[in-house]
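> For reference, the structure I am asking about is given below.
The values are calculated or read from the model by the stated rules, or taken from the named source; none is laboratory data. Please read all numbers here as calculations on a predicted model, not as lab measurements. Counting neighbours? That spans all protein chains shown, and the Cβs are built from the backbone with ideal geometry, glycine included.
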Amino acid sequence: MSVLNYQSRLADADAGPGSHRSHRRSGLAPKGYLWILPAFALCVGVIYYCVGYSIHISTLSWDGLSSHKQSVGLENYQRLLTDPLFWSALWHTLVFFIVVFAVQTSLGIVFAAMLHSKVKLAVVYKVLIFLPVVIAPAIMAPVHRNVLSQEGAVNWILSHLGLGSFTRSWLADTSTSLWSIVAVQIWSSVGVAFILFFAAMSQVDLDTLEAARIDGEGNIRALWHIVIPEVRGTIVALGILNAMAALRLFDFPYLLTRGGPVYSSEFPGVFIYREYAAAHAGYSSAASVMLLVIALLASVVMTLRARARK
């Protein structure tokens, strides 16, 4: 037995250490698939199935409840491409994304830069900036409706500043309803930009900033020429997040204005919900699929542009 054991050990030594690893890996490989099985089943069984089912429903004329389903092919998509309300909702999404992203990025960089300097009660300011992020829109929507109403705080402040001619019902006016939602979204999400930029600025080389100050660079010039180029990746990531958030936006437009007045603040999410509530399940599914395609294209384009710049 001792000779056989010696020969087997000698054979294993001649085979090298890699043989043990390959044997162990081959033995563990089938078990490794079991770890990803729950996530794989969730993606295929829930997400991808729902996407495929939505594509199927988008080819039907169906109210969403009855057993009567009529196949109409691509008719829902053809109708969608000529629907001015759908294109208006997409236009509102584009305006929303551009304004929110620009203001959110600017405020996030300014707040992060200010709190990276020696500021008293910095922890309090961080909490105040980030607090709106953790408050649910359903909780804040009634507050915003009161603040922006005809007798709300905004009009009260304008009246006491001698600007009474600018008072209005901000959410009920077609010229201001969209901008009111934009302002509310900036207020509720600027904390995310602040946290991202605050973390990114922590990685900026302090020696470079010190050298810039020795060369006579002021705080604003140092921020523009040194800090912002260093956090460019964060800006791109924030842009992608804002694009996805704009395309799936539903809570604030629906809770504040229901997409009105006269569809002046309607977004694709509200459009899809309104069509489904009107028993147009096929048409709303077509809009959902179209929105998914737009979201995928937007994310791919922004990612490719970010890689090209890098």
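> Pairs, please: C-beta under 8 Å, at least 6 apart or cross-chain, first residue closer than 24 Å to GLN104 by Cα and in the range 196-216, second not in a helix (DSSP H, G or I) and not polar (S, T, N, Q)?
Between residues of the range 196-216 that are closer than 24 Å to GLN104 by Cα and residues that are not in a helix (DSSP H, G or I) and not polar (S, T, N, Q), the close pairs are PHE197/VAL231; ALA200/VAL231; MET201/VAL231; VAL204/VAL231.
> As an exercise: evaluate HIS160 against (1) over 30 Å from the mean Cα position of the chain (by Cα); (2) in contact (Cβ under 8 Å) with a residue 12 or more places away in the chain and give the number of the one condition it does not meet.
All conditions pass for HIS160, except number (2).
> Consider SER67 carefully, then state whether it is assigned by TED's automatic domain parsing to the domain that holds GLU275 and surrounded by fewer than 13 Cβ atoms within 10 Å (Cβ to Cβ). Please lay out each step first, then the result.
Details: assigned by TED's automatic domain parsing to the domain that holds GLU275: no; surrounded by fewer than 13 Cβ atoms within 10 Å (Cβ to Cβ): yes.
So SER67 does not fit the description; no.
> Can you name the condition, by its number, that VAL262 falls short on among (1) more than 30 Å from LEU148 (Cα to Cα); (2) outside any helix (DSSP H, G or I); (3) among the aliphatic types (A, V, I, L, M)?
Status for VAL262: all satisfied but (1).
> Can you tell me which of (1) modelled with pLDDT of 90 or more; (2) of a type outside the set (A, V, I, L, M); (3) farther than 22 Å from VAL270 by Cβ is the one PHE97 doesn't meet?
In the conditions (1) modelled with pLDDT of 90 or more; (2) of a type outside the set (A, V, I, L, M); (3) farther than 22 Å from VAL270 by Cβ, PHE97 misses (3) alone.
> Can you list the helices (runs of 4 or more DSSP H) lying wholly within the range 102-219 that have 3 or more residues being under 29 Å from ILE235 (Cβ atoms)?
122-130, 137-147, 177-201, 206-214
> For the range 180-191, which positions are touching a residue at least 24 places away in the same chain (Cβ under 8 Å) and out of contact with any Phe, Trp or Tyr (no Cβ under 8 Å at 6 or more places or on another chain)?
Hits for the range 180-191 are ILE186, TRP187, SER189.
> Suppose the filter is out of contact with any Leu (no Cβ under 9 Å at 6 or more places or on another chain) and either in contact (Cβ under 8 Å) with a residue 24 or more places away in the chain or surrounded by fewer than 16 Cβ atoms within 10 Å (Cβ to Cβ) (or both); does PHE271 pass it?
Working: out of contact with any Leu (no Cβ under 9 Å at 6 or more places or on another chain): no; either in contact (Cβ under 8 Å) with a residue 24 or more places away in the chain or surrounded by fewer than 16 Cβ atoms within 10 Å (Cβ to Cβ) (or both): yes.
No; evaluated as a whole, the condition is false for this residue.
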